[in-house]
Amino acid sequence: MIKGILKKYWGYDEFRPMQQEIISSALAGKDTLALMPTGGGKSVCFQVPAMAREGICLVVSPLIALMKDQVQNLGSKGIKALAVYSGMTYSQIDAALDNAIYGDYKFLYVSPERLHTGIFRERVKKMDINFLVVDEAHCISQWGYDFRPAYLEISRIKELINDVPVIALTATATKSVAEDIMRILNFSEPNVISSGFERNNLSYVVRNVDDKFGNMLKICNGVPGTGIVYVRERKRCEEISSFLRQNGITADFYHAGLSKELRNAKQDSWIKGQTRVIVATNAFGMGIDKPDVRFVIHYDMPDSLEAYFQEAGRGGRDGKRSYATMLWNSTDISRLRQIHTISFPDIQYIKEIYQKVFIYLNIPYEEGKESVNKFNLVEFSKKYSLNSVSAYYAIKYLEQEGYWELTDELDNPSRIMFAVGRDELYKVQIDNPALDSFIKSILRIYTALFSRLTPIDEEYIARVTMDSPAGVKEKLKQLSGLRIIKYIPKVRTPLIIMNYERLVESNLYISQKRYRERKDLYQKRIESIISYVKEDSVCRSRMLIDYFGQEVKDECGICDVCIRNRNNSNFSSRQLAVRKHILELLGKNGRMKIGQIETIAADEYKFYLQVLREMIDNGEVSANGEYIERK
C-alpha cells in the first residue's frame, strides 16, 4: 500500500534507506523520532503515512518559506494542503482552519507560534488529525542549537487531539537532544530510528588559509558542476559573487534581505543550472532539493557543528562524489569568540530593551498580547541611541524566553479600508463614474472593507478588472487622495509578534541559571567547531558522526585527513616512485627545466619538490638556474 502511494504521488518505486522503517513505525501507532541527514528525504517519512490514513496531518514547522514550499509542492502532486503562520490576518487564519475541519485537505502546516492562540486551540479539537508531525524537532530542546520556545506548546496540543502518533524529524540532534525531544513530546516509549549520518560520497576538507578568495576560486575552477558558498554577512554575499563573476564564473548572491520574488528568481536560476554558484547566508538551502551540488564551500566558519553538518550536507544528494570545504584562519576563531561575548548582553540590559520595544511600538502595560507589529531594528536602535547588534541579541534572547517572536523580513501585503460609510460611498460613485466600476469590483472581491484594514493583492485585482497592476495602484492612490479609502501599500519589513501583554518591570522574569547554561552551551558549540578545524589526525566524518552520538563504523577514506594519513603511511614507497619518475624525466641528457615538474606532477607538485630537495641534499642531482641536472 505505502509503495503504491509512493509511486502514485512521488513517482518512486523504492524508498530511500530507513524511510520504510520510519513509515511502518508510525503506521503501527508508535511515537517515532527520525534522525536523518540533510537530503535524506524526511518529508516522505510523514507524508506517505498521512496519505495512507483518513484525516488530516498536522505539521509543525519553524520556517514560513519552507511551509509555503511544501504546500505548493503537495498541490502540484494533487494533494490539498494548507498553512497557518505568523503575519496572516485573522480572517485568513479563520478560513484556513475552517477548511482544515470541513474541507478534504490532507495536510495543515502550522508555525509553532500559532499553537497557543485561542482560535487554533478551539478549532484543532474539531479536526480529524491522523498524525502530529514535528519538523526540525531539535528546536523543541533548549539544548538544541536552534531552540524555539513556542515548540514547547506542542506537548499541550497533544492533549487536545486524542494523543495521535507523533512523528518527530531532525537532521541535527545530539544524543542528549534526542532524549530531550522524546521527553518533552511525552513519547509513550523511546523510539529512535536513524538512517545513519555517514555520507560516503561527501569529502570533508578543512583548509587553514590566508587567501580565501584565491582558494575559493581554485575550488570553483577545479571542481566541475554546481556549488554553494556560505558566508555570514549579506554584504559579503554580493562582494564574493561579484569577484567570481569577474573571474568567469556564473555566480549570484542570496540572502533574507532580498524580496521574495527576487529570492525565488535567483533560486530557480541556480536550480536550473543557469547560475553555477550561489553565494548565500544560511537563509539559503532549507527545503531546496537539488541533487547535483558538487561542492559546498564555507567561506566563514559557522558557529556550530550542527549548522555546518546541515549546510555541508546539501552537497552530493545524488550519491556522486562531492566536496564540503571549510576555509578558516585565526581571524575566524577570534570572530566566533567575539560573537559569543556579544550574543549574551547582561540581563539588566535585556530587560531595558524589552520595555523600549513596547514603548517604540506605543503599547501600554497589560496590552499587546498576540499583536503583530512592524519592527525596524535600525530605526529602533537609532531612536534610543543603541548599538544595533547588542539590541538585536537582547531581542533574540527575549524570543528564546518566549515573550515574542521576531520574524525575518516578510512581504506584508497592501491593505485597504473604506474611510466613508456606504451612503457616502454611493454618492462618490455617482460623482466619479470613472471609479464606479473599480469600486464595485473591490467590493465584490473583498469583504469587511468597512470594518477593518483588509489585505489585498493589486495583481489579482488587475486580472479581475482587466487592468494593469500600475493602473490599479494609481486608482487606489486616487481614492486615498479623495479620503474615500485608507490605503497602505505593500511593505517589506520584519514583524514582531507579542505572545503576552506588556509586563511591568517587576514582573519580567529572566532566569539567571538558564542564562548561564545557555551561554556555557553556546561556548561549547563554538569550541567544538574550533576543535574540528584544528584537528588534523582524526577522520572528519568520524568526528562529525561521533559528535551526534552515532556509532562510527569505519573512517570515510575520502576526507583531507584520511587522504593525508594514507599518503603518509605510503610515504617511503611514494618517495621511491617519485624519485624514479624524476630520474626518468632527466632522461639520457640528464637535464630538464624545473618548470616541467609543475606541469607533470599537477596536484602532487609540492611532494615532488620535497623529494627533489632530498635528491639535491643527497647529491643525486643539482640545481643550476632554471635547470635540474643529474650528477
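The values are calculated or read from the model by the stated rules, or taken from the named source; none is laboratory data. Just so it is clear, the structure is predicted and the values come from calculations on it, not from any experiment. Here the Cβ is made from the backbone with ideal geometry for all residues, glycine too, and neighbour counts use every protein chain on show. When the accessible area is computed, the model is the full protein with side chains, heavy atoms only, and any ligands, DNA or RNA have been set aside. Shrake-Rupley method; radii C 1.70, N 1.55, O 1.52, S 1.80 Å.
Structural remarks
- Any hit, segment 437-445, residues being free of Cβ contacts under 8 Å to residues at least 40 places away in the same chain and under 30 Å from Gln512 (Cβ atoms): no
- Scanning segment 608-631 for residues that are open to solvent by less than 40 Å² (accessible area, probe 1.4 Å) and more than 54 Å from the chain's Cα centre (by Cα) returns Gly619, Val621, Ser622, Ile628.
- The numbered conditions (1) of a type in the set (A, V, I, L, M, F, W, C); (2) assigned to a loop (DSSP other than H, G, I, E, B); (3) open to solvent by 40 Å² or more (accessible area, probe 1.4 Å) are all true for Ala256 except (3).
- Subset of segment 449-480 [surrounded by 12 or more Cβ atoms within 10 Å (Cβ to Cβ) and in a loop (DSSP other than H, G, I, E, B)]: Leu449, Phe450, Leu453, Asp457, Asp467, Ser468
- Some residue of segment 203-216 being more than 22 Å from the chain's Cα centre (by Cα), among the aromatic types (Phe, Trp, Tyr) and in a helix (DSSP H, G or I): yes
- Filter result for Ile445 (of a type in the set (A, V, I, L, M, F, W, C) and surrounded by fewer than 17 Cβ atoms within 10 Å (Cβ to Cβ)): yes
- Output for segment 259-283, where each listed residue is in a helix (DSSP H, G or I) and either of a type in the set (A, V, I, L, M) or under 27 Å from Asp303 (Cβ atoms) (or both): Lys260, Leu262, Arg263, Ala265, Lys266, Gln267, Trp270, Ile271
- Restricting segment 417-441 to residues that are in a helix (DSSP H, G or I) and among the aromatic types (Phe, Trp, Tyr), the residue that is nearest to Val464 (Cα to Cα): Phe438
- Look at (1) within 14 Å of Val229 (Cα to Cα); (2) in contact with a helix residue (DSSP H, G or I) (Cβ under 9 Å, 6 or more places away or on another chain) and you find that Phe344 fails only one, number (1).
- For segment 116-133, residues that are closer than 28 Å to Lys374 by Cα, outside any helix (DSSP H, G or I) and at pLDDT 85 or above total 0.
- Per the listing Gly196, Gly214, the residue uniquely surrounded by fewer than 16 Cβ atoms within 10 Å (Cβ to Cβ) and among the small types (Gly, Ala, Ser) is Gly214.
- On the stretch given as segment 26-35, residues that are free of Cβ contacts under 8 Å to residues at least 60 places away in the same chain and part of a helix (DSSP H, G or I) total 1.
- For Lys440: the one exception among (1) under 37 Å from the mean Cα position of the chain (by Cα); (2) open to solvent by 20 Å² or more (accessible area, probe 1.4 Å); (3) not aromatic (Phe, Trp, Tyr): (1)
- Filter result for Ser188 (part of a loop (DSSP other than H, G, I, E, B), in contact (Cβ under 8 Å) with a residue 24 or more places away in the chain, among the small types (Gly, Ala, Ser) and open to solvent by 40 Å² or more (accessible area, probe 1.4 Å)): yes
- In segment 259-286, residue farthest from the chain's Cα centre (by Cα) [restricted to those that are in contact (Cβ under 8 Å) with a residue 12 or more places away in the chain and open to solvent by 50 Å² or more (accessible area, probe 1.4 Å)]: Gln274
- Number of the exception - Thr174 against (1) of a type outside the set (A, V, I, L, M); (2) surrounded by fewer than 19 Cβ atoms within 10 Å (Cβ to Cβ); (3) modelled with pLDDT under 90: (2)
- Number of the condition not met by Ile23 [criteria: (1) in contact (Cβ under 8 Å) with a residue 40 or more places away in the chain; (2) aliphatic (A, V, I, L, M); (3) open to solvent by less than 20 Å² (accessible area, probe 1.4 Å); (4) closer than 19 Å to Leu169 by Cβ]: (1)
- Considering segment 8-21, the residues that are within 12 Å of Lys77 (Cβ to Cβ) and not in a loop (DSSP other than H, G, I, E, B) include one that is nearest to the chain's Cα centre (by Cα), namely Trp10.
- Pairs, first small (Gly, Ala, Ser) in segment 128-140, second part of a helix (DSSP H, G or I), C-beta under 9 Å, six or more apart: Ala137/Tyr151; Ala137/Val177; Ala137/Ala178; Ala137/Ile181
- Selection within segment 538-554 - modelled with pLDDT under 90 and more than 26 Å from the chain's Cα centre (by Cα): Glu551, Val552, Lys553, Asp554
- Qualifying residue in segment 321-328 (condition: more than 29 Å from Ala178 (Cβ to Cβ) and charged (D, E, K, R)): yes
- For segment 289-313, taking the residues that are open to solvent by 20 Å² or more (accessible area, probe 1.4 Å) and assigned to a loop (DSSP other than H, G, I, E, B), the one that is nearest to Ile339 (Cα to Cα) is identified as Asp303.
This table checks each residue for (1) among the β-branched types (Val, Ile, Thr); (2) out of contact with any strand residue (DSSP E or B) (no Cβ under 6 Å at 6 or more places or on another chain).
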site	(1), (2)
Lys374	no, no
Glu379	no, yes
Ile416	yes, no
Leu453	no, no
Glu459	no, yes
Pro469	no, yes
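- Residues of segment 415-437 satisfying the condition of being of a type in the set (A, V, I, L, M, F, W, C) and open to solvent by 40 Å² or more (accessible area, probe 1.4 Å): Met417, Ala419, Ile430, Ala434
- Single residue of segment 138-154 satisfying the filter (assigned to a helix (DSSP H, G or I) and either touching a Pro at 6+ places or on another chain (Cβ under 6 Å) or open to solvent by less than 20 Å² (accessible area, probe 1.4 Å) (or both)) that is farthest from Asp180 (Cα to Cα): Ala150
- Restricting attention to segment 155-166 and to residues that are more than 13 Å from Asn186 (Cα to Cα) and open to solvent by 20 Å² or more (accessible area, probe 1.4 Å), the residue that is modelled with the lowest pLDDT turns out to be Asn162.
- Only one of the listed residues (Arg183, Arg207) is out of contact with any Cys (no Cβ under 6 Å at 6 or more places or on another chain) and free of Cβ contacts under 8 Å to residues at least 60 places away in the same chain. That residue is Arg183.
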